[in-house]
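Please read the structure below before turning to the comments.
No value in this document is a laboratory result; all are computed from the given coordinates. All of these numbers come straight from a predicted model, not from anything done at the bench. Ideal geometry is used to build each Cβ from the backbone, glycine not excepted, and the neighbour counts take in all protein chains shown.
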Amino acid sequence: MITGGQSFVSSAPAFSNDAKKILVCTGNSVSVFSVHTGMLITELVSHTDCVTSVIVVPISGPVSQLMSYCWTSSLDGSICYWDFSAPELLKMIKVQLPIFSMVIPNISNPSIWMNEKESKLYAFVSVENKSKLAEHPKAPCGQIQLFNLTDSRRVGGLLCETRKPEVLHVSKSGEFIGIVNKRKLNVWCIPSKQFRSDEVKRIRLHHTKDLSTLAFHPVERVIAGGDVTGRILIWRGFGERMFSKKQLENGARIKDEEERPGVRGDDDADSCTTWHWHAREVKFLFFSSDGAYLYSGGKEGVIVVWQLDTGKKKYKPRLGSPLISFVASPDPTLSCEMKEIRMVKRGGPRDVNLQKFAPLVLTLWSRTLKSN
């Protein structure tokens, strides 16, 4: 057992393409565990500060399950590219600022890995820049920057500035990225090819309470946001005016509030629905692969399974400790959520204790939540 004064796991984990390994951000390194046995297989060691993101390259094709590459970011201000089966560090990019979060929207684009000349791999990073604080103590220190990973260089100016670095979220298609910023969701539409930060379109969705997390629907223009009071908001048809290929022409009528139930002001969405079960802050939201269900969790140690069309809910029984995040496995029978006790696999007649962490846990179970 590993004990200490803080969480052993620093950020959300990721599964390998064959679903047999799980990559866990453990302080300054990434620990690779066997999903079947819970044993440590290897470690990725190069970062000199806390690892904040691990992204497995989802290479498509018949050999995709054999590919074992990933990108990592760290508070040491670097982005690393790994072969985690070796393990071997293949590339390091210096950002020069602490990286709190990273997403790579076009990582699933096949042309990137076919070495087409015009295809570049890009990452959005949420960094901390304190250079202005000496003269302006209240100056924002959070920045979102764009990096060309193929050419190892920064691209353009800032996507936005925030009071503090925020966690980045990306849609499954890579078309949208978003952050929570106090009582707003900031959502950007990402171009499919030409990446320039000054050309990325943005909308804001407003709420009356501070927001804590968000999730994108896998196929539809739907975004879910959780707040600090335990509420969940579902915006449908977001970005239809700003992001649509056919923009509203001058003079075109914008739907009034009666036609956009629950939407605040002039927010770009067709409707907004509010659900409430959690008594405290919502820590994670995650849509099922088909988009029919939304999973939510928080300090109650309960996973709530919401039916998107009806708002009806079911529960995964209390898991013993606060939940932090939730990730899906390529194996449709497994998912992973982070909490504070142990790693278990739920699929047989009883729980099997695979690996203990302190004070945080990874739990694996058969994905039967929506059918129970």
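Working ranking of peptides 317-323, 293-299 by packing, defined as the average number of other Cβ atoms within 10 Å per residue, highest first, is 293-299, 317-323.
Could you order peptides 36-47, 17-28 by the average number of other Cβ atoms within 10 Å of their residues, highest first? Don't skip to the end; give the middle numbers.
On the way: 36-47: 15.6, 17-28: 20.7.
Result, highest mean Cβ count within 10 Å first: 17-28, 36-47.
The overall shape of the range 127-235 is oblate: from the C-alpha gyration tensor, with semi-axes ordered a ≥ b ≥ c, the ratio a/c is 1.5 or greater and a/b is no larger than b/c.
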